[in-house]
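Coordinate-derived values only; no laboratory data. Quick caveat: nothing in here was measured; it's all calculated off a predicted structure. For neighbour counting, all protein chains shown are included, and Cβ atoms are generated from backbone atoms with ideal geometry for every residue, glycine included.
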Amino acid sequence: MTLDLARFPRATLGVWPTPLQDAPRLGEVAGAAVLLKRDDVNPLGAAGNKLRKLEFLLGAAVAEGADTVVTFGAVQTNHGRQTAAACARLGLRCELVLTAKVPRAGAAYDTSGNVLLDHLFSARVHVCRDAGETAAAYERVRAEAEADGRRLATIPVGGSDSVGSLGYVAAAVELAGQLADRGVDAARVLVPMGSGGTAAGLAVGFAALGVAHRVDVGCVGMPADETAAEVTRLAGETARLLGVDAPPPEHIRYDDTVFGPGYGVPTERGWAALRTFGRTEGVVLEPVYTGKAAASLLDGRYGGEDVVFVHTGGMPGLFAYAPEAVDALA
Ligand SMILES: *Cc1c(COP(=O)(O)O)cnc(C)c1O
């Protein structure tokens, strides 16, 4: 089976490869050989995992002649912020249709973190209270583009469709190469799952390469059964687009003990993971995605194994949780 990513249009947004770092002090706490895949480190727009997806999504949009991009998310969406930065760099107009679906409000949540950066990157931000308002805002953006004769590209929540997931197929190739250089041939690769493209792309990539690395998913957006259904569906679509076999379902494991009361609602285990990463490695996690996934790393399940924690970014979102973060961390 060959993995031919070169036939897909791609916009260069990141500097690759991202670092793969030893984390010996963290590994001591986790009881495993821990490596950090630093997808939180890149020059554009405060970085994060969406840059990899946006390389293919915006590559396709530009190839199709789009001049305006619309995407969706929660108020503190990291995906929206990275889309805004990427659009700035590519000279595209960016419309962010955001839905207030996380039970948080106040100055920090509503105006700091990603929201502040959305404005800095000159996106037009539409904040909606519910699904009805969100649909209406999208319709307005679409009608306005049509009336102006602009060509609109619509990117799904989290950039997770088969095209976006190609970014993490490319990441699987990159990471497999870095692990081979270190002589690691069977790693557990732990990622948070929000919309699924990161987990699905990595699983498709590892299976197509025929390597023994396996994907572990920390469920941060929904329970394990729904997460598995979504990742399986997306992996199937991505494999079909690439013309390779879908990864066997047993190649992916799911942990939803870290999920807590809901998407975007911090947990004590998540805060503990933030403290541990900060104290041992000087690495910043946040309470929505990486903190919860990291809680899975720290519950003792990886006795002696090689584990890669994929740091998917999201630091701006941490500031949206002040002052509760200060209370939790102090
Ligand atoms: C979007 C996001 C995720 C989830 O990735 P998906 O591909 O949507 O599952 C994880 N971490 C951070 C920081 C994110 O912004």
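DSSP assigns beta bridges within the chain; of those with both partners inside it, close to 10 percent run antiparallel.
Where Lys and Arg each count +1 and Asp and Glu each count -1, what net charge lies around L120 among other residues with Cβ under 15 Å from its Cβ? Mind dumping the intermediate values first?
Values: positive: R81, R89, R124; negative: D118.
Residues near L120 contribute +2 overall.
Kirkwood hydrodynamic radius computed over the range 50-159 comes to 13.9 Å, based on all pairs of distinct alpha carbons.
About the Cα centre of the range 150-244, what is the dipole size in debye to 20, counting +1 per Lys and Arg Cβ and -1 per Asp and Glu Cβ, all else neutral? Before the final figure, lay out each step's value.
On the way: 7 positive and 9 negative charges, 58 e Å.
In total the dipole reaches around 280 debye.
Among 194-205, 173-184, the peptide with the highest mean count of other Cβ atoms within 10 Å heads the list, and the full ranking is 194-205, 173-184.
What is the sum of charges, Lys and Arg at +1 and Asp and Glu at -1, for the other residues whose Cβ falls under 13 Å from the Cβ of A147? Mind showing how you got there, number by number?
Working: positive: R140, R142, R150, R151; negative: E139, E144, E146, D148.
Result for the local shell: 0.
Simple rule: put +1 on each Lys or Arg Cβ and -1 on each Asp or Glu Cβ in the range 79-183, find the dipole, and look at V173, A143, A88; the Cα lying farthest toward the positive end is A88. Each Lys or Arg adds one and each Asp or Glu subtracts one; over the other residues with Cβ under 14 Å from the Cβ of T71, this totals +3. When S165, S112, S122, S296 are arranged by Cβ crowding within 10 Å, least crowded first, meaning fewest neighbours, the order is S122, S112, S296, S165.
As a proxy for reagent exposure, ranking E305, E139 by other Cβ atoms within 10 Å from fewest up yields E139, E305. Taking T280, T238, T290 as the candidate residues, the one with maximal mean-square fluctuation in a Gaussian network model of the chain, Cα springs under 10 Å, is T280.
Could you give the dipole magnitude of the chain about its Cα centre, charging the beta-carbon of Lys and Arg +1 and that of Asp and Glu -1, in debye to the nearest 20?
Values: 30 positive and 38 negative charges, 98 e Å.
That gives the chain a dipole magnitude of about 480 debye.
Order by neighbour count: T2, T312, T71, fewest other Cβ atoms within 10 Å first, most last. Before the final figure, lay out the partial values.
On the way: T2 7, T312 25, T71 28.
Taking fewest neighbouring Cβ atoms as first place, the list is T2, T312, T71.
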